[in-house]
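Trainee: If you scroll down you'll find the structure; I have some questions about it.
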Amino acid sequence: MKEKYINPFTDFGFKKLFGEEANKDLLIDFLNGLLEDRGGLTDLTFIKSEQLGATEADRKAIFDLYCQNSKGEKFIVELQKAKQKFFKDRSIYYSTFPIQEQASKGDWDYKLNAVYTISIMDFEFDENQFHKDKLRHDIQLLDIETKELFYDKLKFIYLEMPKFNKTIDELETHYDKWLYVLKNLPKLDRIPDKLKEDLFLRLFEVAEIAKYDDNEQRAYQDSVKYYRDLKNVMDTAVEEAMMNRNIEIVKKLIYEGADNSFISKITDISIEQIESIRLATK
């Protein structure tokens, strides 16, 4: 069935909802839902997303969205579609640009404005196997022994969106509603009653594909194709990695003397495939 609303995890969809001046109220509302403890945001100004190092030799950073409020606080909002090596390192590195750009020439007392990095992830952290249901991670500097917050002006928020599984009837907060929309928008063919409030009604209006002109339609379809191709590549890589891992387990179990039936129950590999691996290892 043809989608009625855009996919927020495409570049076009993400920037249509959050990166246009006319829709800035959507981004402000989303950030207020995430950052309830810092007081309500009332204004934002978009900043050029390409950030250069101090010299030509330095690396650059290209943010999905980069903005600041009237207090000078900086907000990096990133959409992460696929796993990448050193992802956490990358997010830490990107946060140094809005920190360094606050330096003043001449005498300066090093006072900094807060920097917030928000990563909306279309994948899960591999290393969080002991926190399988934890989808949100709020990271700040703290004293390891006392667990007291050491510095409150640098914060990272990571959202593992595949872990959000609430149904429309289970939504309790405005924040829940935002996560539901981000996860399910392209699957919807109408506006659920629970989301019929002014802010979300405007979001659905912005997200309706039929209202776009020809150029926007083409740009969105190109963005969808790239997203689906990337997902297919990643899914294939995961499947191959799992298969290779299972094959190694099969070989170890064969070496330990396990029979084909037992190995099949453990690995979900067919007895015929196990017998082929058994013959190949002789």
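Trainee: If you scan the stretch 26-68, which residues turn out to be exposed (fewer than 13 other Cβ atoms within 10 Å of the Cβ), modelled with pLDDT of 90 or more and not in a loop (DSSP other than H, G, I, E, B)?
Mentor: Taking the stretch 26-68 first, the residues exposed (fewer than 13 other Cβ atoms within 10 Å of the Cβ) are 36-37, 39-40, 42-43, 45, 48, 50, 54-60, 62.
With modelled with pLDDT of 90 or more added as a condition, the list becomes 42-43, 45.
Thr45, the sole residue that qualifies.
Trainee: Among the residues of the stretch 153-188, which ones are exposed (fewer than 13 other Cβ atoms within 10 Å of the Cβ) and either modelled with pLDDT under 95 or of a type outside the set (Asp, Glu) (or both)? Lay out the reasoning, then the answer.
Mentor: Taking the stretch 153-188 first, the residues exposed (fewer than 13 other Cβ atoms within 10 Å of the Cβ) are 162, 165, 167, 169-170, 172-173, 187.
Once the filter is applied, which keeps residues that are exposed (fewer than 13 other Cβ atoms within 10 Å of the Cβ) and either modelled with pLDDT under 95 or of a type outside the set (Asp, Glu) (or both), the stretch 153-188 yields Pro162, Asn165, Thr167, Glu172, Thr173, Lys187.
Trainee: Among the residues of the stretch 203-249, write down those that are at pLDDT 90 or above, of a type in the set (Asp, Glu) and assigned to a helix (DSSP H, G or I).
Mentor: Result: Glu205, Asp214, Glu216, Asp222.
Trainee: Here's a follow-up. Quickly run through the stretch 73-94 and pick out the residues that are in contact with a strand residue (DSSP E or B) (Cβ under 9 Å, 6 or more places away or on another chain), among the aliphatic types (A, V, I, L, M) and either surrounded by fewer than 20 Cβ atoms within 10 Å (Cβ to Cβ) or without any contact (Cβ under 8 Å) to a residue 40 or more places away in the chain (or both).
Mentor: Result: Ile92, single match.
Trainee: For the stretch 2-10, state whether one or more residues are at pLDDT 95 or above and in a strand (DSSP E or B).
Mentor: Yes; the residues of the stretch 2-10 include at least one that is at pLDDT 95 or above and in a strand (DSSP E or B).
Trainee: A further question on this structure: Quick check on the stretch 95-106: of everything there that is without any contact (Cβ under 8 Å) to a residue 40 or more places away in the chain and of a type in the set (Ser, Thr, Tyr), which residue is nearest to Met161 (Cα to Cα)?
Mentor: It comes out as Thr96.
Trainee: Here is a further query. Taking the condition of being within 25 Å of Asn113 (Cβ to Cβ), among the acidic types (Asp, Glu) and free of Cβ contacts under 8 Å to residues at least 12 places away in the same chain, how many residues in the stretch 132-165 meet it?
Mentor: Total satisfying the criteria: 2.
Trainee: Going through the stretch 189-202 one residue at a time, which ones are surrounded by 14 or more Cβ atoms within 10 Å (Cβ to Cβ), touching a residue at least 24 places away in the same chain (Cβ under 8 Å) and not in a helix (DSSP H, G or I)?
Mentor: Pro192
Trainee: Can I ask one more? Here are some residues: Lys155, Lys147, Lys132. Which one is under 18 Å from the mean Cα position of the chain (by Cα) and farther than 25 Å from Thr45 by Cβ?
Mentor: Numbers: Lys155 fails: farther than 25 Å from Thr45 by Cβ; Lys147 fails: under 18 Å from the mean Cα position of the chain (by Cα).
Unique residue meeting the criteria: Lys132.
The values are calculated or read from the model by the stated rules, or taken from the named source; none is laboratory data. Predicted model only: the values in this text are computed from it and were never measured. Every residue, glycine as well, gets a Cβ built from its backbone with ideal geometry; the counts of neighbours run over all protein chains shown.
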